[in-house]
Amino acid sequence: GMVADINSERWPASCRNIRPASIGIRTLLLGEVVSPGISFDFFRVTGRLPFRDFVRNNKFDIGEFPLVPLLQARELGKPLVLLPVVLTQRHQHASVYVRAQSSLSPNDLSNRRVAVRSHANTGVAWARGILANDYGVDVKSLTIIDFEDNHVAEYVSPPHVHRAAPGKDLVQMLVDGDVDAAITEVDLSGDHRVRYLFDDPVAEAKRWQARHGVIPAVHVVALNSNLSSSRPNLAKEIFELMRPGQSATRVNDRALPFGADALQSMLSLIIEYSFEQGLIQRRLNVDELYDDATRALRA
């Protein structure tokens, strides 16, 4: 079974309500690429619960999965392994908001209260890592207010993370002054009550990309490691099936990273950020995210 987290009448009936993040999955859904050795059973899913089912209950064999929970799953020895395919990536500078009248700058966030959807959310981890490493924010000093459990059950949020009271809303908490900033993938640029923390997030993101040479990946492809080891050619077959669609997926006129070499620098950075934030307990080696079959997959 494969899980991809859109709604199009073009999909086969079995695939309706599946939102493929990239053409790589789309081509599989539409049957435009096929393999004599693999037939996919696509699950209709909504929201973020399928990610939890994937890591907690081994409900799927392969599918879209957020990057930071995958790091946590690998550290814990869960039967999930990285297939080096990026499905979604985005700069995070435009995900940090403050009240419209706030005088806070990116350097001022230490010791502040920050609302996020969940503490181990991948976009949130990227944003905190950027604030810490490029703007000197002490992320361990932040009081984090979150709204959802982490996907990986064994990961317990540290004491500076608090659950929002029932019925509270992230944006309303920011507007009301209950928190000083919020990190969210929801586009709030049309809400006059809030503003970006960064005066020009696009320019900041370009500078950050030039400095680090990567764009933050959010969702990748995960494969059940037991299945991968029992069928050593499976990972390569799936990887090759996704190749034509991935190369055709353009984001800001760039192809999404594909293959272990293309992901190396980005993975090193998110491992570093995640370790600094206590999301993982040790600095994983990038190699540890793979098994023998997926580690060898190159563009």
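The values are calculated or read from the model by the stated rules, or taken from the named source; none is laboratory data. Everything numeric here is computed off the predicted structure, so don't read it as measured data. FYI the Cβ positions are ideal-geometry reconstructions off the backbone, even for glycines, and counts take in every protein chain you see. Protein only, heavy atoms only, side chains kept; ligands, DNA and RNA dropped before computing areas. Shrake-Rupley method; radii C 1.70, N 1.55, O 1.52, S 1.80 Å.
Results, tabulated for the structure shown:
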| quantity | calculated |
| --- | --- |
| Residue count, segment 67-94 (criterion: modelled with pLDDT of 95 or more and open to solvent by less than 10 Å² (accessible area, probe 1.4 Å)) | 14 |
| Residue that is in a helix (DSSP H, G or I) and aliphatic (A, V, I, L, M), where the choices are A262, A222 | A262 |
| Boolean, L188 is assigned to a loop (DSSP other than H, G, I, E, B) and farther than 23 Å from Q72 by Cβ | yes |
| Residue list for segment 126-171, restricted to those being under 24 Å from A100 (Cα atoms), out of contact with any Asp or Glu (no Cβ under 8 Å at 6 or more places or on another chain) and assigned to a helix (DSSP H, G or I) | W126, A127, R128, I130, L131, D134, Y135, S141, L170 |
| Residue that is surrounded by 21 or more Cβ atoms within 10 Å (Cβ to Cβ), touching a Leu at 6+ places or on another chain (Cβ under 8 Å) and within 23 Å of V137 (Cβ to Cβ), where the choices are A182, A235 | A182 |
| Out of V152, V156, V116, sole residue that is open to solvent by less than 10 Å² (accessible area, probe 1.4 Å), over 25 Å from F198 (Cα atoms) and of a type in the set (V, I, T) | V152 |
| Q281 vs. criteria within 19 Å of G77 (Cβ to Cβ) and open to solvent by 50 Å² or more (accessible area, probe 1.4 Å) | yes |
| Of the criteria (1) closer than 26 Å to G77 by Cβ; (2) part of a helix (DSSP H, G or I); (3) modelled with pLDDT under 90, which one Q246 fails | (1) |
| Candidate set: segment 172-185, residues that are assigned to a loop (DSSP other than H, G, I, E, B) and β-branched (V, I, T); chosen: the one nearest to the chain's Cα centre (by Cα) | T184 |
| Filter pass, E240 being part of a loop (DSSP other than H, G, I, E, B) and at pLDDT below 95 | no |
| Subset of segment 191-205 (residues that are among the acidic types (D, E) and in a helix (DSSP H, G or I)) | E204 |
| Subset of segment 278-299 (residues that are part of a loop (DSSP other than H, G, I, E, B) and within 21 Å of I238 (Cβ to Cβ)) | Y290, D291, A296, L297, R298, A299 |
